[in-house]
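The structure under discussion appears below in the form of structure tokens.
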Amino acid sequence: MKNRLKVLRAERDWTQADLAQRLDVSRQTVNAIETGKYDPSLPLAFRISRVFGTPIETIFDSEDGADVKNVSEP
Amino acid sequence: MKSADDSLSDSCSSAPRDGRNQLRVILWSMVWAVSFVVVTLSAKRAWWPFGPTLAAALGTSLFGIATLLAHRRFLRETDELRRKIEIEALSLAFGVGVVGGMTYWLLTVMGAVPAMDFFYVLLVMLLAHPVGVWIGRRRYS
């Protein structure tokens, strides 16, 4: 899964350690997410969204490119 | 942007909470291991009468339970990547122990190798765990 974590962090002039502290995770976790080696859990993704003040979908992007279809209820 | 923040030199840095929890695990593990060795030697060499040795053996089990609880606390409170690494390492240790132990047992039944004490299977599992943690840390760094 692609993400814009590094860009958003750079815009705020935060180090990985700064972001890790804000998210209450280790710096290794921030690094692994940024490099695409690890996909965060949904709760952590929401925390990231709150820390940057931007919706999840503007931070993370599934690489399969598939959109969710709107299925009307019967 | 601040420099050097992307380096991996501190890829295993942990929060103080993790450090404290890991220290608890290590301390309880050491107490358990020392207690285990003392009680084993006592039982083999008959240092103490049966009653006190039995009580010491039960006490050793309590230290083991304390170690498990400390490890559970560490897993619950650590961040999710570390938890994933730990769980993968435990899976590796379990897999190596079960597969290795069963294979050796089969070879023993066939008469290809001498019978081995079950303790050695546990020893292999204990050694496989830190190897698994090391592999995980390398993988996600």
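The table below gives the values:
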quantity	calculated
Computed [θ] at 222 nm, deg cm²/dmol, chain A (DSSP H ≥ 4; -39,500 (n - 2.57); rounded to nearest 500)	-13500 deg cm²/dmol
Choice from B:Asp79, B:Asp18, B:Asp117 with maximal GNM fluctuation in chain B (Cα, 10 Å cutoff)	B:Asp117
Inter-part distance where segment A:5-59 and segment B:92-141 are each reduced to a Cα centre, Å	37 Å
Largest-first principal axis extents, alpha carbons of segment B:2-141, Å	65, 41, 21
Accessible area buried, both sides summed, chains B and A with 1.4 Å probe, Å²	1800 Å²
P(r) histogram, all alpha-carbon pairs of segment A:1-53 included - 10 Å bins from 0, percent	26, 68, 6
Spatially close lysines, pair count over the protein assembly as shown: Cα under 15 Å, gap of eight or more or interchain	4
FRET efficiency, B:Ala112 to B:Ile26 (Cβ-Cβ, R0 35 Å, nearest 0.05)	0.35
Selection from B:Val96, B:Ala56, B:Val113, by position along the positive dipole direction of chain B (Cβ)	B:Ala56
Difference of contour (0.36 nm per residue) and Cα-Cα distance, B:Val131 to B:Leu62	22.1 nm
Pair B:Arg45, A:Val7: separation of 7 Å Cα→Cβ label points (nm)	6.8 nm
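The values are calculated or read from the model by the stated rules, or taken from the named source; none is laboratory data. Keep in mind it's a predicted model, so treat the numbers as computed, not measured. Ideal geometry is used to build each Cβ from the backbone, glycine not excepted, and the neighbour counts take in all protein chains shown. Note: areas computed on protein heavy atoms with side chains; ligands, DNA, RNA excluded. Shrake-Rupley method; radii C 1.70, N 1.55, O 1.52, S 1.80 Å.
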